[in-house]
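The values are calculated or read from the model by the stated rules, or taken from the named source; none is laboratory data. Since the structure is predicted, the reported quantities are computational estimates derived from the model, not experimental observations. Heads up, the Cβs are rebuilt from the backbone with ideal geometry, glycines too, and the neighbour counts pull from every protein chain shown.
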Amino acid sequence: MTKPTASDDMDSIYHIKVIIKDTEPAIWRTIQVPSHVTLYKMHRILQIVMGWQNSHLHEFVIDGKSYGESHPEYGLEMKTERRARLDELVPHENGVFFYDYNLDEGWRHVLLVEKVLRREPGVHYPRCVAGERACPPEDCGGTRGYKELLEIITNPEDVEYEETMAWLGGSFDPKAFDLEGVSQQLKKIR
């Protein structure tokens with residue numbers, strides 16, 4: 001059987017590793033999406049698989065070009081993501097691109113197209129096939145703030161412990177990742 005390429009359009013599936021840059025241990029997911037997915041839909045997929053709340057600005061950076069929704073009041077001019085197809089912008093295996101979420105805090109996601117696969121009959125795409133660690137809480141201050149948050153919640157003697165735990169709603173497990181829950185949410189995306 002020949003290896004599929006992005007030009008196989010509707011039958012091609014991108015197997016993508018998503019890693020939040022500068023997190024240690026790494027927060028990551030492996031997803032499979034139709035190669036022809038638009039960046040607009042890819043944004044929706046990434047919000048679900050990473051666990052973000054879609055309450056901040058975002059952009060994709062591919063070959064030095066920004067895609068998303070332009071926000072002139074913030075000085076952000078981007079190419080539209082609504083018609084930008086992934087297979088046209090990242091047409092091959094080992095292609096790397098970036099997804100930046102919450103531009104004020106700078107959550108950069110590195111996306112690597114690890115494989116181009118054939119669509120499996122009866123399988124719903126997009127889907128998440130693996131992942132580790134919880135998504136950082138919204139508005140925690142980027143990677144530096146998240147690292148500080150983790151230090152605080154592991155030390156009940158810290159002066160900020162009670163306040164931080166209250167802000168987190170009483171609990172937060174940085175090791176938790178609910179693959180089944182993510183899979184159920186992704187089934188809503190057509």
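Which condition does Glu93 not pass, out of (1) surrounded by 13 or more Cβ atoms within 10 Å (Cβ to Cβ); (2) closer than 21 Å to Ala134 by Cβ, if it passes all the others?
If we test Glu93 against (1) surrounded by 13 or more Cβ atoms within 10 Å (Cβ to Cβ); (2) closer than 21 Å to Ala134 by Cβ, just (2) comes out false.
List the number of the failed condition for Arg133; all other conditions in (1) under 23 Å from Leu149 (Cα atoms); (2) among the basic types (Lys, Arg); (3) surrounded by fewer than 17 Cβ atoms within 10 Å (Cβ to Cβ) hold.
Condition not satisfied by Arg133: (3).
Does Pro72 satisfy the criteria of being within 26 Å of Ser183 (Cβ to Cβ), surrounded by fewer than 13 Cβ atoms within 10 Å (Cβ to Cβ) and free of Cβ contacts under 8 Å to residues at least 24 places away in the same chain?
No; evaluated as a whole, the condition is false for this residue.
If Val116 satisfies every condition in (1) in contact (Cβ under 8 Å) with a residue 40 or more places away in the chain; (2) out of contact with any His (no Cβ under 9 Å at 6 or more places or on another chain); (3) among the β-branched types (Val, Ile, Thr) but one, which is the exception?
(2)
Among the residues of the range 118-142, count how many are closer than 22 Å to Val182 by Cβ and either part of a helix (DSSP H, G or I) or under 20 Å from the mean Cα position of the chain (by Cα) (or both).
17
Out of (1) assigned to a helix (DSSP H, G or I); (2) at pLDDT below 95, the odd one out for Leu46 is which?
For Leu46, the failing item is (2).
Read through the list (1) modelled with pLDDT of 95 or more; (2) assigned to a loop (DSSP other than H, G, I, E, B); (3) in contact with a His (Cβ under 9 Å, 6 or more places away or on another chain); (4) not basic (Lys, Arg), then give the number of the only condition that Asn54 fails.
(1)
One residue is enough: does the range 98-106 have a residue meeting the conditions of a type in the set (S, T, N, Q), part of a loop (DSSP other than H, G, I, E, B) and touching a His at 6+ places or on another chain (Cβ under 8 Å)?
Yes.
Only one residue in Asp158, Asp139 is out of contact with any strand residue (DSSP E or B) (no Cβ under 9 Å at 6 or more places or on another chain), surrounded by 12 or more Cβ atoms within 10 Å (Cβ to Cβ) and farther than 23 Å from His43 by Cβ, so which one is that?
Asp158
Just checking, does the range 159-178 include any residue being at pLDDT 95 or above and of a type in the set (S, T, N, Q)?
yes
Taking the range 143-177 as the region of interest, how many residues are outside any helix (DSSP H, G or I) and out of contact with any Gly (no Cβ under 8 Å at 6 or more places or on another chain)?
16
Need the failing condition index for Glu93 against (1) modelled with pLDDT of 95 or more; (2) of a type in the set (Asp, Glu); (3) closer than 25 Å to Gln184 by Cα, just the number.
(3)
Inspect all residues belonging to the range 75-89 and state whether any of them is in a loop (DSSP other than H, G, I, E, B), surrounded by 14 or more Cβ atoms within 10 Å (Cβ to Cβ), of a type in the set (A, V, I, L, M, F, W, C) and assigned by TED's automatic domain parsing to the domain that holds Ser12.
Within the range 75-89, one or more residues are in a loop (DSSP other than H, G, I, E, B), surrounded by 14 or more Cβ atoms within 10 Å (Cβ to Cβ), of a type in the set (A, V, I, L, M, F, W, C) and assigned by TED's automatic domain parsing to the domain that holds Ser12.
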